[in-house]
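To keep things clear, I will list the structure first and then write my remarks on it.
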Amino acid sequence: MSLFLLFVGAVLVNNFVLARFLGICPFFGVSKKVETAVGMGLAVTFVMTVAGSITWIIQYTVLDRFNVGFLQTIVFILVIAALVQFVEMVIEKSSPDLYQSLGIYLPLITTNCAILGAAIINIQSGFDFLHMLVFTIGSALGFTLALVLFAGIRERIELSDIPYYFRGLPIAFITAGILALAFMGFSGLVK
Amino acid sequence: MKLSILTEGIFKNNPVMKQVLGLCPTLAVTTSAINGIAMGLATMGVLMGSNVVVSLVKNIIPAKVRIPAYVVIIATFVTLIDLSMNAFFHDLHKILGLFIPLIVVNCIVLGRAESFASKNGVFDSLLDGIGSGLGFTLTLFVLGSIREVLGNGSWFGMNLFGSGFSPAILMILPPGAFIVLGFMMAFNNFVEERRRIGRGGAQ
């Protein structure tokens, strides 16, 4: 039961993008079309889950054992960078279309703070492996959900008449604000 | 000429308003003016350090592995800042929390290393680091001020409107960050358009 609550909490209540402000850059960068948003969401989900697992293992088998916790940031970011490189090569081979449309944002998953953020939150919250896995997958799905919803809204905004100075990013930010407001409605769901 | 490198980052190429980089800390920590300034200065420290070192070693590092090398350099400075803030400003460190180690994935820092420090001399890179850092700090300060005044009725912790004022708490909650930044960007567009028209009229 507590695992289920943790999952729901990560997807809806403490949504990575809308409540914790992690992964904002791809949130605004690749949310112009629903299709790319789904692709990006899945890529992030995969990288986040694998990176979360590897960094968790490294933290408890290497960093803690040899008492070098201060190297956490450096080690984690290197693991993530290597992993993203790997995913990029796989996607380039298996799905050139997706590779094209994700473009610059694929290598930028490295500098997506959601990935490193999740890895650090996992350690700070003292999760065991199972809780870590559930939390990470929940967070990544929450990111994907927010991204896809937002892309759907933006596709419609394209067609509507926006005041001149608000065109482009300003209206996108305000829309995200309203979306965040809607997500705040979930806050009573999990204590 | 040298001065223009400094001001470039503050206004013309402001990291947040113009390049739309570093949004996560911008939105997350600006619940008050002081938090905004602290986050801005921490990022500026990392920017200065990483810009100088990247510019020093730019000829030694092979082009193919430059990005990982830059990331390690940046991560080193972030760890330095993280540990020293924890030691000297423990309360601020607790508030900013997760977002201090996350400076390492702030696109501004890597962006400046790649687009400026890897092509320019040490002193210019230092100036560029200070300029971009100040631009970032300024934006965070303004955003933090607006949110604190509207959402808490105070500025730098000073109560502004007396006890009868009921603040719009929404502004210091997550949605407020998006909405205020959206309005700031629209205002920025407005000012620029006006200046463009003004210049056109003078000719």
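The values are calculated or read from the model by the stated rules, or taken from the named source; none is laboratory data. Small disclaimer: the values here were computed from a predicted structure and weren't measured. With ideal geometry, Cβ positions are generated from the backbone for all residues, glycine too; neighbour counts draw on all protein chains shown. Protein only, heavy atoms only, side chains kept; ligands, DNA and RNA dropped before computing areas. Shrake-Rupley method; radii C 1.70, N 1.55, O 1.52, S 1.80 Å.
Some observations on this one:
- Within the accessible area of the protein assembly as shown (1.4 Å probe), percent carbon and sulfur: 68
- Cβ crowding within 10 Å averaged over residues, with A:45-51, A:21-27 ranked highest first: A:21-27, A:45-51
- Volume per residue for the range A:1-106 equals 137 cubic angstrom (convex hull of Cα atoms).
- With all pairs of separate Cα atoms included, the range A:113-178 yields a Kirkwood hydrodynamic radius of 14.1 Å.
- Rg to Rh quotient for the range B:1-96, alpha carbon positions, Kirkwood Rh: 1.01
- The Cα center of the range B:150-191 and the Cα center of the range A:172-186 differ in position by 16 Å.
- The phi-based Karplus calculation (6.51 cos²θ - 1.76 cosθ + 1.60; θ = phi - 60°) puts the 3J(HN,Hα) values of the range B:58-63 at 4, 8, 8, 7, x, 4 Hz, whole numbers, x for Gly and Pro.
- Taking every residue in A:70-79 and counting other chain Cβ atoms within 10 Å of its Cβ, the average works out to 5.
- Solvent-accessible area buried by B and A, counting both chains, probe 1.4 angstrom, square angstrom: 3200
- Per residue of peptide A:178-184, the mean number of Cβ atoms on other chains within 10 Å of the residue Cβ is 4.
- Above-threshold pairs, the threshold being 23 Å between Cα atoms, out of A:K32/B:K64; A:K32/B:K12; B:K2/B:K58; A:K33/B:K64: A:K32/B:K64; A:K32/B:K12; A:K33/B:K64
- Hydrodynamic radius of the range A:74-158 per Kirkwood, over alpha carbon pairs, in Å: 14.7
- Taking the chain by itself as reference, the range B:81-109 contains these residues with an accessible-area loss of 30 Å² or more in the full protein complex (1.4 Å probe, heavy atoms): B:L98, B:P101, B:L102, B:V104, B:V105, B:C107.
- Taking the Cα atoms of the range B:125-203, the ratio Rg/Rh between the radius of gyration and the Kirkwood radius comes to 1.13.
- For chain A, the fraction of alpha-carbon pairs lying more than 28 Å apart is 29 percent, rounded to a whole number.
- Total charge dipole magnitude, the range B:1-108, about the Cα centre, Cβ charges on Lys, Arg, Asp, Glu only, Debye to nearest 20: 400
- Dipole magnitude (debye, nearest 20) for the protein assembly as shown, charges at Cβ of Lys, Arg, Asp, Glu: 560
- Spatial separation of Cα centroids for the range A:1-72 and the range B:102-131, in angstrom: 27
- Remark: the protein assembly as shown carries 46 Å² of accessible area per residue (probe radius 1.4 Å; ligands, DNA and RNA excluded).
- Once the convex hull of all Cα atoms in the range B:54-203 is built, its volume per residue stands at 185 Å³.
- Shape summary of the protein assembly as shown, radius of gyration then Dmax from alpha carbon positions: 20.9, 71 Å.
- Folded to 0 to 90 degrees: helix A:72-94 orientation relative to chain A principal axis, Cα: 60
- Taking the Cα centre of chain B as origin and assigning +1 to Lys and Arg Cβ atoms and -1 to Asp and Glu Cβ atoms, the resulting dipole is close to 540 debye.
- Residue ranges A:61-72, B:118-129, B:98-109 sort as B:98-109, B:118-129, A:61-72 when ordered by packing (mean number of other C-beta atoms within 10 Å per residue, highest first).
- Rounded to the nearest 10 degrees, the angle from helix B:33-57 to the longest Cα principal axis of chain B is 10 degrees.
- Gyration tensor verdict on the range A:1-61 (Cα atoms; rounded if a/c is under 1.5, prolate if a/b is larger than b/c, oblate otherwise): oblate
- Amide hydrogen neighbours beyond the local backbone of B:W155, cut-off 5 Å, H modeled: B:L160
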